[in-house]
Amino acid sequence: MPEDIFVAFSEVTISGLAMIGISLVMMYLGVARKYEPLLLVPISIGCLLANLPGTKIADDEGFLGILRTAGLDNELFPLLMFLGVGALTDFTPLVQRPVTVLLGAASQFGIFAALILALLLGWSVENAGAIGIIGSADGPTTIYVASKLAGEGLLAPIAVAAYSYMAMVPIIQPPIMKLLTTKKERMVKMSYPSKSASYKARVSFPIIVIILTSLIAPEATPLVGMLMFGNLLREVGVVDRLAKSTQNELINVTTIFLGLTVGSTMSADSFLETRTLGIFVLGLGAFAIATTSGLMFGKLMYYASKGTINPLIGAAGVSAVPMAARVAHRVAQDEDPDNFLIMHAMGPNVAGVLGSAIAGGVILGVLM
Amino acid sequence: MTDNINEGIYIAGVGMGLVFLTLVVFMIILLVLNKIFPGEEIVDEVDSKSADVMESAETFNRIDMNYSVPADKGLGSRIAAIAVGMYLTMEEDKVVRIANASNDGESRAWNKESQNSFWNSQGSRPSAYGSRSYKPYDPKGIGGS
């Protein structure tokens with residue numbers, strides 16, 4: 001009888017303790033440093049619960065296992081997250097200045113460059129695709145694609161790397177932005193659109209996007225469909241209750257479940273390996289290349305527009321909404337405090353969300 | 001290995017091509033939508049206010065500030081003169097405030113409205129533990145300590 005009570009002590013391992021330590025570090029980063037706390041806090045608790053000795057919470061019969069089967073293995077949670085993201089995203093800056101959509105496309109090069117780098121390092125094509133998607137800087141897209149492509153035990157490090165780098169966008173992007181642009185380029189003040197976005201345009205856009213995506217990139221339809229459905233709820237103006245529910249209750253509940261289940265996949269066997277370090281390095285490379293490609297396209301647009309477009313908004317093409325747009329705004333303000341770039345940067349930023357979902361769909365379409 | 005690299009390059013080429021194609025189509029759709037359903041002209045409220053303010057300022061400058069009430073006038077005239085003086089002082093404050101506000105790009109109507117809409121709509125993160133403000137429990141909702 002006493003040995004049954006103290007059975008947990010006999011199951012304590014060094015690797016298990018290391019994972020508990022990692023969960024506590026993530027908790028610290030989320031709570032004290034405010035690095036993506038909405039995700040890192042549930043992920044860290046999921047990791048802690050899954051690695052407690054003797055509990056078996058994360059086994060298939062445990063409650064975390066049941067949650068994982070119900071929402072992560074079948075990609076339900078990322079899709080519900082995207083519904084909430086759509087309801088929270090304002091596409092108005094994109095509707096008012098459609099040309100900025102190109103910057104959202106250019107930034108997706110980070111995904112494919114990281115994929116090629118992963119292949120060069122010897123990863124399989126499927127795993128390389130799952131790692132490359134970190135460059136989308138989009139949590140739900142990353143988890144959606146990685147949960148379909150990643151090999152055993154790779155989902156957790158990929159998800160944690162994605163959210164960690166999204167939290168570090170204000171640290172990763174500014175040095176690259178300052179390195180690749182001149183002071184004169186950073187000081188460009190962009191003009192404002194002369195017309196507002198009409199109600200009919202804002203309502204028509206999500207519907208048309210859903211239909212066109214299903215024709216051009218069918219594998220991206222679940223992600224883009226949920227994103228645009230959420231946005232339609234927001235814009236249509238007659239379903240305020242549903243819009244508010246998706247913006248608050250639905251996305252919050254899903255965030256808890258998604259974080260817990262992703263954290264529960266962080267077992268010592270799969271996480272404490274050198275390949276995890278490789279995933280983090282490749283993820284950082286993907287972010288840096290995505291920022292660089294967006295900036296370079298921004299410079300192209302700067303010259304094409306005869307200096308009327310600030311190339312910094314190109315860096316906002318990575319889809320970390322709204323963090324990347326804020327970073328572009330702040331870097332511009334470092335040069336000129338009177339330069340307000342935030343709304344101009346939101347166009348490429350929301351285009352990046354669309355672009356990354358489509359890139360994820362294309363990777364799935366080619367590799368599955 | 002080489003096959004894998006070739007496949008990677010192929011995926012990158014096809015992927016970027018499809019991403020650009022799709023988003024260019026979206027851009028065209030947006031341009032067409034803006035043509036079919038044009039939005040309203042954005043009126044720069046501050047600029048129009050500035051015009052009014054400048055008009056007020058000109059009126060203000062035309063007034064003889066050295067005007068003094070003749071000693072032989074009654075109390076009513078003195079009160080009226082004081083009231084006019086107070087009004088002009090308040091107007092002067094307004095001119096300075098609005099003129100200062102219109103000096104930078106931030107005051108543009110689109111910029112301000114869009115920023116407000118953006119900050120109000122993109123959700124917010126909770127305050128970090130330790131920087132939250134807690135109110136004491138007040139079961140009757142009567143406030144006070």
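Taken together, the values in this text are just the output of simple stated rules run on the coordinates, not laboratory data. What you see is a predicted model, and the numbers here were worked out from it, not measured in a lab. FYI the Cβ positions are ideal-geometry reconstructions off the backbone, even for glycines, and counts take in every protein chain you see.
Taking the conditions exactly as written (under 22 Å from A:Gln96 (Cβ atoms), of a type in the set (D, E, K, R) and in a helix (DSSP H, G or I)), does A:Arg326 satisfy them or not? Answer is yes for this residue. Sub-7 Å Cβ pairs linking a first residue in segment A:86-103 that is more than 8 Å from chain B (Cβ to nearest Cβ) and over 18 Å from A:Tyr192 (Cα atoms) to a second residue that is among the basic types (Lys, Arg) and part of a helix (DSSP H, G or I), at least 6 apart or interchain, are A:Ala87/A:Arg234, ordered by first then second residue.
Yes or no, residue by residue, for (1) touching a helix residue (DSSP H, G or I) at 6+ places or on another chain (Cβ under 6 Å); (2) among the hydrophobic types (A, V, I, L, M, F, W, C); (3) farther than 30 Å from A:Ile20 by Cβ:
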position: A:Ile211; (1), (2), (3): no, yes, yes
position: A:Met226; (1), (2), (3): yes, yes, yes
position: A:Gly230; (1), (2), (3): yes, no, yes
position: A:Leu233; (1), (2), (3): yes, yes, yes
position: A:Gln247; (1), (2), (3): yes, no, yes
position: A:Leu250; (1), (2), (3): yes, yes, yes
position: A:Thr274; (1), (2), (3): no, no, no
position: A:Ile279; (1), (2), (3): yes, yes, no
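List, please: which pairs have Cβ atoms under 7 Å, are six or more places apart or on different chains, and start with a residue in segment A:30-44 that is in contact (Cβ under 8 Å) with a residue 12 or more places away in the chain and end with one that is surrounded by 20 or more Cβ atoms within 10 Å (Cβ to Cβ) and of a type in the set (Phe, Trp, Tyr)? Pairs that qualify, where the first residue is in contact (Cβ under 8 Å) with a residue 12 or more places away in the chain and the partner is surrounded by 20 or more Cβ atoms within 10 Å (Cβ to Cβ) and of a type in the set (Phe, Trp, Tyr), are A:Glu36/A:Tyr163; A:Leu39/A:Tyr163; A:Leu40/A:Tyr163. Set side by side, the residues A:Gly135, A:Gly84, A:Gly129, A:Gly139 differ, and just one is in contact with a helix residue (DSSP H, G or I) (Cβ under 9 Å, 6 or more places away or on another chain), crowded, with 23+ Cβ neighbours inside 10 Å and within 30 Å of A:Ala304 (Cα to Cα), which is A:Gly135.
Listed here are the residues, each with its yes/no results for (1) over 30 Å from A:Trp123 (Cβ atoms); (2) more than 20 Å from the chain's Cα centre (by Cα).
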residue: A:Leu154; (1), (2): no, no
residue: A:Thr182; (1), (2): yes, yes
residue: A:Val188; (1), (2): yes, yes
residue: A:Ser198; (1), (2): yes, yes
residue: A:Ile207; (1), (2): yes, yes
residue: A:Ile216; (1), (2): no, yes
residue: A:Leu223; (1), (2): no, no
residue: A:Arg234; (1), (2): yes, yes
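Of all the numbered requirements in (1) part of a helix (DSSP H, G or I); (2) over 18 Å from the mean Cα position of the chain (by Cα); (3) buried (at least 24 other Cβ atoms within 10 Å of the Cβ), A:Arg275 misses one, and that requirement is (3). Restricted to helices (runs of 4 or more DSSP H) entirely inside segment A:134-251, those with at least 2 residues that are within 13 Å of chain B (Cβ to nearest Cβ) are A:139-149, A:155-167, A:199-216, A:221-236, A:240-245. What about A:Arg234, is it of a type in the set (D, E, K, R) and farther than 30 Å from A:Leu117 by Cβ? Spelling it out, A:Arg234 is indeed of a type in the set (D, E, K, R) and farther than 30 Å from A:Leu117 by Cβ. Which residues, taken from segment A:9-19, are among the hydrophobic types (A, V, I, L, M, F, W, C) and surrounded by fewer than 18 Cβ atoms within 10 Å (Cβ to Cβ)? Scanning segment A:9-19 gives A:Phe9, A:Val12, A:Ile14, A:Leu17, A:Ala18. Residues in segment A:339-359: is at least one free of Cβ contacts under 8 Å to residues at least 12 places away in the same chain and part of a helix (DSSP H, G or I)? No, the conditions are met nowhere in segment A:339-359.
Which one of these is small (Gly, Ala, Ser) and in contact with a Ser or Thr (Cβ under 8 Å, 6 or more places away or on another chain): A:Gly122, A:Gly104, A:Gly139? The unique qualifying residue is A:Gly104.
Within segment A:24-63, the set of residues being more than 14 Å from every other protein chain (Cβ to nearest Cβ), surrounded by 21 or more Cβ atoms within 10 Å (Cβ to Cβ) and closer than 16 Å to A:Tyr163 by Cβ comprises A:Met26, A:Ile43, A:Gly46, A:Cys47.
Taken as a whole, the condition of being of a type in the set (D, E, K, R) and outside any helix (DSSP H, G or I) applies to A:Lys306. The set of residues in segment A:313-322 being of a type in the set (A, V, I, L, M, F, W, C), more than 10 Å from chain B (Cβ to nearest Cβ) and farther than 15 Å from A:Thr182 by Cβ consists of A:Ile313, A:Ala316, A:Val318, A:Ala320. Comparison of A:Gly294, A:Gly263 shows that the only residue that is closer than 23 Å to A:Gly46 by Cα and assigned to a helix (DSSP H, G or I) is A:Gly263.
Checked against the criterion of being surrounded by 24 or more Cβ atoms within 10 Å (Cβ to Cβ) and either under 17 Å from the mean Cα position of the chain (by Cα) or acidic (Asp, Glu) (or both), segment A:296-311 has no qualifying residue. Within segment A:332-351, work out how many residues are buried (at least 24 other Cβ atoms within 10 Å of the Cβ) and more than 9 Å from chain B (Cβ to nearest Cβ). Number of matching residues: 8.
Of the residues making up segment A:312-326, those that are more than 17 Å from A:Ala162 (Cβ to Cβ), in contact (Cβ under 8 Å) with a residue 60 or more places away in the chain and crowded, with 23+ Cβ neighbours inside 10 Å are A:Leu312, A:Ile313, A:Gly314, A:Ala315, A:Ala316.
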